[in-house]
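J.: Sending over a structure as structure tokens; questions will come in a sec.
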Amino acid sequence: MDHLQRSLLNCFSLQPLDRTAHLRENPKWLAEKKKQSGSTFYLLNNDSVLINDAYPVSFNYDQLTKAGLNQVEPIYLGIKNELAHYAVNVDEIESLHQSVIEPTSLRDMTDHIDPQTASILAYALVMNRWHLTTKYCRRCGSRYQSAQGGHVLKCSSPDCRHTEFPRINPAVIMRVTCDDKILLARQPTWPKNRYSVLAGFVEPGETLEHAVQREVMEEAGIKVDRVYYHSSQPWPFPNSLMIGYCAETRDMKLDIENDDLETAIWLDADELKAQMDQRNVILSPPISISHRLIEDWFMDKTGRSIKEWQDIKPEHIVHENE
Ligand SMILES: [Zn+2]
């Protein structure tokens, strides 16, 4: 399996939209496309998705107009089956006059919506958050103006004209192993008995591989030697790109005094099975790349899936990777 195939198995990675970057530079095309029958507008509320009966709400242009939301410039996401898809932030949910519509986290719907819609919404949430948190020019403080369907923000001051592009935060997440054992750890703020692999944000001036080495040393006091790439995942909580790595060490002596881990443990596959049987270890749910990193290792060691031991719900992932 190549890295493309591995990444496509991660949640939020089955992006069906063609972003048509060349077309979004054309304001006339954008204006016409928006009003086309079948254009789809997903409704968001800050970092939440608006749902009706547990499923994400999407309006067509007529519904958008009736709800008075056509005054807001929607964020153009891309094309699927010739139809344009957009994200629209709804400031006041009450203004929709539909009591059945409510905000919810994307985390809470990934087990029942299709993976392509989950991927569109993950993309939409990051774009929406960027717009909500990037109102003023970072150089001169003047107001930004949206351009290219919302993929560019331009400073409104003629003396400045600074241009801003959407930002994501790269974070490495790594499965550390020593011979047949895997390193699992937990933070004190996580739900009881939740364990995961280590993760952390990439800092300026370092490669991804150096970030893996630094984070493992900072969090667990371990020097890793071999570091190799596994897969990646867009992670919209709130705006990360998770870059999954495998790291190997000969050094099992843990030191967690200097960082924010509550505990860290080495387990081989049989020990992990026993801990999962007793619910002493509850792993990250399938929504996370952490789950994939552990699942791949477990499959390699046992030929079986973690799912045979644990039915893991999205609520178990609260606060992870944030
Ligand atoms: Zn400016």
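Bear in mind these aren't lab numbers, they're just calculated from the coordinates by the rules spelled out. The shown structure was predicted, so the numbers you read here are calculated from the model rather than taken from an experiment. Please note: Cβ atoms are built from the backbone with ideal geometry, for glycine as well, and neighbour counts cover all protein chains shown.
J.: Need the list of aspartates and glutamates near residue 35 for cross-linking: C-alpha distance under 15 angstrom, and skip anything on the same chain fewer than eight residues off.
T.: Straight-distance partners of residue 35: 62, 73, 82.
J.: Moving to a separate point now. Return the long-range amide H neighbours of residue 152 (sequence gap of 5 or more, or a different chain), with a cut-off of under 5 Å between placed amide H atoms.
T.: 147
J.: What angle, in degrees between 0 and 90 and rounded to the nearest 10, separates the Cα long axis of helix 208-220 from the longest principal axis of the Cα atoms of the chain?
T.: For 208-220 against the chain, the angle is about 60 degrees.
J.: May I pose another question? Please compute the net charge surrounding residue 60, taking Lys and Arg as +1 and Asp and Glu as -1 over other residues with Cβ under 11 Å from its Cβ.
T.: Working: positive: 34, 35, 66; negative: 62.
Here the charged neighbours net out to +2.
J.: Once all Cα-Cα distances of segment 169-316 are split into 5 Å bins that start at 0, what whole-number percent is in each one?
T.: Result, from short to long distances: 2, 10, 20, 24, 23, 15, 6, 1, 0 percent.
J.: Another one. Just in segment 241-271: which GluC sites (Glu not before Pro) are loop by DSSP and have at most 13 other Cβ atoms within 10 Å?
T.: Filter output for segment 241-271: 257, 262.
J.: Also, I was wondering about something else. Between helix 115-133 and the chain, what is the angle of the helix's C-alpha long axis to the longest principal axis, kept within 0 to 90° and rounded to the nearest 10?
T.: That works out to roughly 70 degrees.
J.: Taking the Cα atoms of segment 133-194 alone, what are Rg (to one decimal) and Dmax (as a whole number) in Å?
T.: Reported Rg and Dmax, both Å: 21.3, 62.
J.: Beyond 32 Å, how much of the Cα-Cα pair distribution for the chain remains, as a whole percent? Let's see the in-between values first.
T.: Details: 18817 of 51681 pairs.
Of all Cα-Cα distances in the chain, 36 percent exceed 32 Å.
J.: Considering the chain as a Gaussian network with a 10 Å cut-off on Cα pairs, which listed residue, 284, 231, 37, attains the greatest mean-square fluctuation?
T.: 37
J.: Specify the angular offset, from 0 to 90 degrees and rounded to the nearest 10, of the alpha carbon long axis of helix 289-302 from the longest principal axis of the alpha carbons in the chain.
T.: The two axes meet at around 40 degrees.
J.: Let me ask something additional. Need the list of lysines near residue 154 for cross-linking: C-alpha distance under 23 angstrom, and skip anything on the same chain fewer than eight residues off.
T.: Counting by Cα, and skipping residues close in sequence, residue 154 has these lysines nearby: 28, 33, 34, 135.
J.: Let me ask you something else. Give me the Debye-computed log₁₀ of I(q)/I(0) at q = 0.13, 0.21 Å⁻¹ for segment 3-133, equal point scatterers on Cα only, no solvent, two decimals.
T.: Evaluating at q = 0.13, 0.21 Å⁻¹ gives log10 I(q)/I(0) of -0.53, -1.35.
J.: Next question. Just need the Rg to Rh number for segment 192-256, please, alpha carbons only, Kirkwood Rh. Numbers along the way, then the final one.
T.: On the way: Rg = 12.5 Å, Rh = 12.9 Å.
Reported Rg/Rh, Kirkwood definition of Rh: 0.97.
J.: Another question, if that's okay. Any chance you could count the Lys pairs in segment 169-316 whose alpha carbons are under 21 Å apart, treating pairs 8 or more apart or on different chains as valid?
T.: Number of lysine pairs found: 12.
J.: Considering the chain as a Gaussian network with a 10 Å cut-off on Cα pairs, which listed residue, 155, 246, 140, attains the greatest mean-square fluctuation?
T.: In the Gaussian network model the winner is 140.
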